[in-house]
1. Examine segment 194-201 for a residue that is within 26 Å of S346 (Cβ to Cβ) and either open to solvent by less than 10 Å² (accessible area, probe 1.4 Å) or in a loop (DSSP other than H, G, I, E, B) (or both), and state whether such a residue exists.
2. When both residues are 6+ apart or on different chains and their Cβ atoms are under 6 Å apart, which pairs have a first residue that lies in segment 176-190 and is surrounded by fewer than 16 Cβ atoms within 10 Å (Cβ to Cβ), and a second that is modelled with pLDDT under 90?
3. Considering segment 321-333 alone, what residues qualify as being within 14 Å of V301 (Cβ to Cβ) and modelled with pLDDT of 85 or more?
4. Report, by residue number, each residue of segment 105-128 that is open to solvent by less than 20 Å² (accessible area, probe 1.4 Å) and away from the ligand (no atom under 15 Å from the Cβ).
5. Mind telling me which of the residues G92, G134, G82, G68 ends up being in contact with a Phe, Trp or Tyr (Cβ under 8 Å, 6 or more places away or on another chain) and not polar (S, T, N, Q)?
6. Wholly within segment 14-94, which strands (runs of 3 or more DSSP E) include no fewer than the required count, namely at least 1 residues that are at pLDDT 95 or above and within 16 Å of the ligand (Cβ to nearest atom)?
7. Look at segment 234-258 and say how many of its residues are of a type in the set (D, E) and open to solvent by 20 Å² or more (accessible area, probe 1.4 Å).
8. Quickly run through segment 129-142 and pick out the residues that are open to solvent by 10 Å² or more (accessible area, probe 1.4 Å) and part of a helix (DSSP H, G or I).
Amino acid sequence: MLRSILLAASAAVALNAAASAQDAGPLTVIHAGHLIAVPGEDVLTEHSILIRDGRIEAVEAGYVTPEGAEIIDLSDDWVMPGFIDSHVHLRGELNPNRILETVTLSDADVAYDAARNARTTLMSGFTTVQDVGGNLEVLTALRDAIRDGDTVGPRMRVSGPAVTPTGGHGDMNGYREDIMDLMGSRYACNGPDDCRRAVRELVRGGADVIKITATGGVLSNTAAGVEQQFFDDELESIVEAARMMGRRVTAHAHGVSGINSFLEAGGSSIEHGTYLDDQSIRLLRRHDAYLVPTILAGVTVGEIAENSDWMPAPIREKSLQVGPQMLDMARRAHEGDVMIAFGTDSGVSRHGQNAREFQLLVEAGLTPMEAIETATVNASAHLEMDDQIGTIEAGKFADIIAVDTDPLADISVLMDIDFVMQNGVVHKD
Ligand SMILES: [Zn+2]
């Protein structure tokens with residue numbers, strides 16, 4: 001009896017195997033002249049990447065040409081895993097009308113803008129992004145539409161609006177009081193209980209990660225500084241509520257009081273980190289927390305404050321104060337052996353210019369390979385997706401990009417990506 005059950009079971013397994021072999025899609029093979037399969041390890045030459053059903057099936061030495069396979073010839077190129085930007089805002093771009101747009105653009109307008117920005121981002125070689133601030137409904141819908149193949153863009157993780165204290169960086173600031181009453185963020189919270197509510201509502205709405213504003217911010221129209229804005233018991237309640245629902249918390253933080261109190265409370269990562277000190281570096285290392293330096297955002301707001309006159313006074317003042325600090329901050333963090341994940345805050349800078357951050361990371365003292373690691377292996381771990389993306393290895397998504405010049409000799413060539421494949425689909429060639 002047992003034997004016949006086992007026989008029937010193994011027959012069923014064999015049938016399933018036959019069926020799945022039949023269902024398997026066509027094979028695509030990339031011939032990669034120079035292959036950075038695992039950033040941080042040696043560059044391989046003349047390798048083949050076998051791709052089926054959106055996944056990498058194998059990586060083999062030499063140029064193989066299996067019968068019936070479609071061959072993509074990148075034998076003159078440098079081939080890498082698709083880049084990951086851990087900090088973007090696809091909803092729009094910083095511009096002189098921004099303050100008005102908050103009360104003129106509908107969610108539908110924002111959705112179309114976000115879809116366009118997503119496409120632009122993908123075409124610049126970023127096959128995955130984490131959007132950390134923007135309308136939750138719009139961005140989760142975009143995330144899901146991209147996942148389902150209904151629109152083109154990077155695979156997305158979404159936080160939705162930041163959890164913020166009332167009047168904090170993530171709240172509505174600088175408008176008439178009745179407008180702020182009407183449009184203030186529902187994720188503004190006061191006291192541990194209320195902050196738990198905010199976290200839980202975000203999880204209910206589909207947030208993959210919780211973003212908070214642990215300090216004031218440069219681009220909020222209020223003179224409330226850039227130091228700690230949540231009380232310690234609020235920080236602890238946020239981290240704990242998120243953890244209980246399987247979410248990590250990342251914090252926007254400039255001032256050192258906000259950086260260190262958030263890390264003490266168990267936070268997973270720091271966005272910006274402008275004024276981090278030696279204690280911050282120790283805390284980041286002790287908690288295996290990532291720093292997402294967003295140097296490009298600092299450079300961009302500094303440039304705008306210097307060269308144009310449309311910023312309201314509180315924003316202009318903070319831009320001139322914070323912007324120029326960020327390159328030095330990244331240098332100190334790197335020298336302190338902090339784990340860095342690539343992030344640009346695109347939306348402050350123009351979408352599609354994300355790769356400018358690589359040049360700034362190299363200016364801050366990273367080698368070109370280390371800079372590439374931040375946007376691949378490091379960012380994939382930071383986003384809890386290192387079993388899916390971040391390297392070109394069997395089993396991972398076929399998110400693959402290429403340039404025609406050696407990026408390790410000149411990192412600026414990453415501004416001009418020649419080939420983009422995501423999920424095994426070629427979007428740019
Ligand atoms: Zn941001």
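The values are calculated or read from the model by the stated rules, or taken from the named source; none is laboratory data. The model shown is predicted, which means the values in this text are computed figures rather than measured ones. Positions of Cβ are backbone-derived with ideal geometry, glycine not excepted, and every protein chain shown enters the neighbour counts. Each accessible area value is taken on the protein alone, full model and side chains, heavy atoms only, with ligands, DNA and RNA left out. Shrake-Rupley method; radii C 1.70, N 1.55, O 1.52, S 1.80 Å.
1. Yes, some residue in segment 194-201 is within 26 Å of S346 (Cβ to Cβ) and either open to solvent by less than 10 Å² (accessible area, probe 1.4 Å) or in a loop (DSSP other than H, G, I, E, B) (or both).
2. Hits for this filter: M183/M172.
3. Matches in segment 321-333: Q325, M326, L327.
4. The initial filter retains those residues of segment 105-128 that are open to solvent by less than 20 Å² (accessible area, probe 1.4 Å), namely 114, 117-118, 121-122, 124-128.
Correct list: A118, L122, S124, G125, F126, T127, T128.
5. Details: G92 fails: in contact with a Phe, Trp or Tyr (Cβ under 8 Å, 6 or more places away or on another chain); G134 fails: in contact with a Phe, Trp or Tyr (Cβ under 8 Å, 6 or more places away or on another chain); G68 fails: in contact with a Phe, Trp or Tyr (Cβ under 8 Å, 6 or more places away or on another chain).
G82 is the lone residue from the list that is in contact with a Phe, Trp or Tyr (Cβ under 8 Å, 6 or more places away or on another chain) and not polar (S, T, N, Q).
6. 83-88
7. So the answer is 2.
8. If the condition is that a residue be open to solvent by 10 Å² or more (accessible area, probe 1.4 Å) and part of a helix (DSSP H, G or I), then L136, E137, V138, T140, A141, L142 are the ones that fit.
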